[in-house]
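Okay, structure first, notes after.
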Amino acid sequence: MMEMDRLNENTIKVILSTQDLQDRGVTVLDLLGNKKQIESFFYSILDEVDKDHVFSNNEPVTFQIMPNKQGLELIISKSLDDADETLFATQNLAPTIMM
């Protein structure tokens, strides 16, 4: 079952098991393909976990994906206002997809 943890006011950590991905018709390899499918998948996860609608005000967000043997971890973060901070944050993370 998908797990969610709010790390801070700007960041949510989501843990998806292999079964969670299968239930959604997605594999880790699918996340390397069609940009529209990837974007749709990430935003559907965001809609599920953002129950307070903190991320729903059209601010840019980043999705960081960390595959593991059990599925994947997804870190969803609001983009920072300061461009230098955003660059620093994304350089120090595992592969990040910015939407």
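The values are calculated or read from the model by the stated rules, or taken from the named source; none is laboratory data. The model shown is predicted, which means the values in this text are computed figures rather than measured ones. All Cβ positions, even for glycine, are placed from backbone atoms using ideal geometry, and neighbour counts span all protein chains on display.
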> Of all residues in region 41-99, which are in a loop (DSSP other than H, G, I, E, B), surrounded by 13 or more Cβ atoms within 10 Å (Cβ to Cβ) and either in contact with a Pro (Cβ under 9 Å, 6 or more places away or on another chain) or at pLDDT 85 or above (or both)?
Replying inline: D50, S79, M99
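Quick grid of which residues meet (1) over 15 Å from G71 (Cα atoms); (2) within 14 Å of the chain's Cα centre (by Cα):
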| position | (1), (2) |
| --- | --- |
| E3 | no, yes |
| E9 | yes, no |
| V14 | no, yes |
| L21 | no, yes |
| G25 | no, no |
| L29 | no, no |
| K36 | yes, no |
| S40 | yes, yes |
| I45 | no, yes |
> Could we say that N34 is of a type in the set (S, T, N, Q), modelled with pLDDT under 70 and out of contact with any Cys (no Cβ under 7 Å at 6 or more places or on another chain) here?
Replying inline: no
> Given the residues T27, T18, T11, which is the only one that is surrounded by 12 or more Cβ atoms within 10 Å (Cβ to Cβ) and either touching a residue at least 60 places away in the same chain (Cβ under 8 Å) or in contact with a Cys (Cβ under 7 Å, 6 or more places away or on another chain) (or both)?
Replying inline: T11
